[in-house]
Each structure stands twice: as C-alpha cells, then as structure tokens.
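K.L.:
After the structure tokens below, expect a handful of questions from me.
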Amino acid sequence: MSVADGTDTDPGAPRAEVITARDVPLGGPRAMNVRRTLPQRARTLIGAWCFIDHYGPDDVGDTGGMVVAPHPHTGLQTVSWLFSGEIEHRDSLGTHAMVRPGELNLMTSGHGISHSEVSTPATTVLHGVQLWVALPDRHRNTDPAFQHHAPERVRIDGADVSVFLGTLAGSTSPVRTYSPLLGAELLLDPGASVTLDVDPAFEHGLLVDEGAVTFAGTPLKRAELGYLEPGAATVTLTNDTDDTARSILIGGPPFGEEIVMWWNFVGRTDEDVRQAREDWMSGTRFGEVKGYDGDRLPAPEVPATRLKARGQAH
Ligand code: MN
C-alpha cells in the first residue's frame, strides 16, 4: 500500500504500528461495552500510559449507561475524558465531581483510593475514554488526590487541540504528573494535515475516536490505536475524511519499569496485588465512598498462578 498522503511523509521515517481494540463488557444493567486497546499482549505501556478504554457514542436508553459501583485502585492515576454525556464521580476522599466533555478529571490512587462512576440521568449519549497512568515506583504509594482541569482549545493548521496533560502546540497543562506525559484531544478539520512538535524522547499513541486519520504515515480507522516509537521530533496527522476527525494523542518516555496489572491494581509484584485485593475485601486501606446508592464491587478471585510483571514490548 502506498503512503496515504504522499506529500510530506519522509519515506525513511518510522511509521506507526496499528493496535486494534477488543470489546470488554463494563457491567451495569445491560452491560455497556468498551473498546480496550491497552494493555495488549504485544504492548503493556506507552510511556506511563497503561490502560485505554474507549466507549460510545452509546444511547444510554439502550446500554443503561455507566454504572460502576465503588471499587479500589492502587499505583495509578485515572484520566477521565468525555466527548459527550456526564458522569458523577464520588471517591473515598469525599470528592463529589461531575465529569464533563472537554474537562480532565484526574484521580491519583497512590497507596489506595476507592471511587464510583455513574452516568447522570441527564445523559442521553455517553461517549469518551478512560485512561490509566502507572505511577513510577518511587511515587506509587503517594497520597491519593483528585484534580480537575478544563484546558483552553488552541488552533493550529486546521486542528483544535485541547492539552489535558503535558505540552503540545504551545499549550501546557498545569496538572501535576509523576513522570513526563502528554495527553491531548485533537479535532482535525475535513482534509486537514497538521505537523506538531513533540519530544523525541517520547513514544506516542494516537487513538482515533471519529473519522480516519493518518498518523506518522499509517492510516488508522475509528477505534484503532497507532503506536509510534521514540525518536520523532514531529508527528503529522492527516484527516482522510470530509468530516471533522477526532483523536486522542498520548505520549511519554518509555516507562522503564515492569508492572503487575490485575483488576484495578497496578503493583510491582504478585504479592502487591494479592495484598491490595485482601485489603479491599477486608474493608481496610481504601476508605469509603459516601453517597453511592448500592453495594461496592467485590474483587474477582486472583488466578492461582503467579501474576507476571510486564513492561516493554517484546
Ligand atoms: Mn475506577
């Protein structure tokens, strides 16, 4: 297949690899489905990003919307970003916040937090992403926290860019992270092509939400994730359609640590996550989510076999 745009793509430059999503039922009355592109057998991390769930647009009349009962997290940050709809967040710090389109809600679990996520009655169409960031070992037992940020949209070469973490297109998020990170939403005009300066130390991922986008020489369809290895000083995105295309660009330097991910926990060893599960089931460590109408989520059984640490692509 020839290079999609054919004009400003350096034929010798690394091209993005395509990672396809698998469907995962999230739970709720009629089991809303999400498209998960990370982690995958072939790839655990992009920078510190360790989890990508992409959902909707779903008519909540059909799916029942999002109903996730109180559940725990360790060793990570959750990034909630909506395109449409509204989600009510409650956590064991006492935070009660609404997640709304174009606004970042970043929850740091550190040593332990619990939260619930429920789409509001006003929501008719639910559409967004939830991403997780692994905390580096020296910060993974930090205190839990919750941050909110509504970035300004910046305009560059036919693209509207909302930077929720890190720096892109001259826009910098004030939100604190524990390793260098990039997270941004990009809206590309029909046919638009934009070249953005990026940190060559970063690896990048582009998740296409709507439309079709060529990313670093590789055409990506809706719900696909493109992965680009470190080394690029710029990335070029081209909207191959006659409608606005929307995507999420993430990045960070290779994490350099192996992690054990199981259920809602990120640890370093099998023992870490078994202990976290035990603490959740015994009602310690993760506090209490007040104001949620219903029971908390029980943890599944941990597999009898030892959970393996995973890290760099193999
Ligand atoms: Mn959660």
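K.L.:
How much of residue 107 can a 1.4 Å solvent probe reach, expressed as accessible area in Å² and rounded to 10?
P.N.:
0 Å²
K.L.:
Output the peptides 151-159, 263-271, 288-296, 123-131 sorted from most to least packed, where packing is the average of other Cβ atoms within 10 Å over each peptide's residues. Walk me through the numbers on the way to the answer.
P.N.:
Details: 151-159: 15.2, 263-271: 19.0, 288-296: 13.0, 123-131: 20.7.
The peptides rank, most packed first, as 123-131, 263-271, 151-159, 288-296.
K.L.:
Calculate how steeply helix 270-281 sits against the longest principal axis of the alpha-carbon atoms of the chain, using the helix alpha-carbon long axis, and give the answer as 0 to 90 degrees to the nearest 10.
P.N.:
Between the helix axis and the principal axis of the chain, the angle is about 60 degrees.
K.L.:
Sticking with this structure for a sec: Ignoring ligands, DNA and RNA, what percent of the accessible area of the range 2-252 is carbon or sulfur (1.4 Å)? Mind dumping the intermediate values first?
P.N.:
Details: 4450 of 9340 Å².
The C+S portion of the solvent-accessible surface of the range 2-252 is 48 percent.
K.L.:
If I model the range 92-137 as equal point scatterers sitting on the Cα atoms and use the Debye formula, what is log10 I(q)/I(0) at q = 0.14, 0.21 Å⁻¹?
P.N.:
Each listed q maps to, in turn, -0.44, -0.93.
K.L.:
Then there's this: Just want to confirm a number: the relative contact order over the chain, from Cα pairs under 8 angstrom separated by 6+ residues, in percent.
P.N.:
21 percent
K.L.:
Also, quick follow-up: How charged is the neighbourhood of residue 37? Take every other residue with its Cβ under 13 Å from the Cβ of residue 37, and add Lys/Arg as +1 and Asp/Glu as -1.
P.N.:
Values: positive: 22, 35, 36, 41, 43, 221, 222; negative: 17, 23, 53, 209, 224.
Once positives and negatives cancel, what remains is +2.
K.L.:
Any idea what the dipole of the chain comes to, in debye rounded to 20, about its Cα centre with Lys/Arg Cβ at +1 and Asp/Glu Cβ at -1?
P.N.:
In total the dipole reaches around 900 debye.
K.L.:
Ranked highest first by average number of other Cβ atoms within 10 Å, how do 239-249, 301-311 line up?
P.N.:
Descending mean neighbour count gives 239-249, 301-311.
K.L.:
Identify, among 104, 154, 66, the residue whose Cα sits farthest towards the positive end of the charge dipole of the chain, taking +1 on the Cβ of Lys and Arg and -1 on the Cβ of Asp and Glu, with the dipole about the Cα centre.
P.N.:
Projecting each Cα onto the dipole axis, the largest value belongs to 66.
K.L.:
No solvent, one uniform scatterer per C-alpha: report log10 I(q)/I(0) for the range 72-196 via the Debye equation at q = 0.18 1/Å, two decimals.
P.N.:
For the requested q values the scattering log ratios are -0.98.
K.L.:
Continuing with this model, one more query. Could you estimate the translational diffusion coefficient of the chain from the Stokes-Einstein equation, with Rh from the Kirkwood formula over C-alpha pairs, at 25 °C and 0.890 mPa s, in whole µm²/s?
P.N.:
124 µm²/s
K.L.:
Can you give the convex hull volume of the alpha carbon atoms of the range 28-96 per residue, in Å³?
P.N.:
Spelled out: Cα convex hull of the range 28-96, divided by residues, is 126 Å³.
The values are calculated or read from the model by the stated rules, or taken from the named source; none is laboratory data. Quick caveat, the model's predicted, so the values are computed rather than measured. Ideal geometry is used to build each Cβ from the backbone, glycine not excepted, and the neighbour counts take in all protein chains shown. For the accessible areas, the whole protein counts, side chains as well, though only heavy atoms, and no ligand, DNA or RNA atoms are used. Shrake-Rupley method; radii C 1.70, N 1.55, O 1.52, S 1.80 Å.
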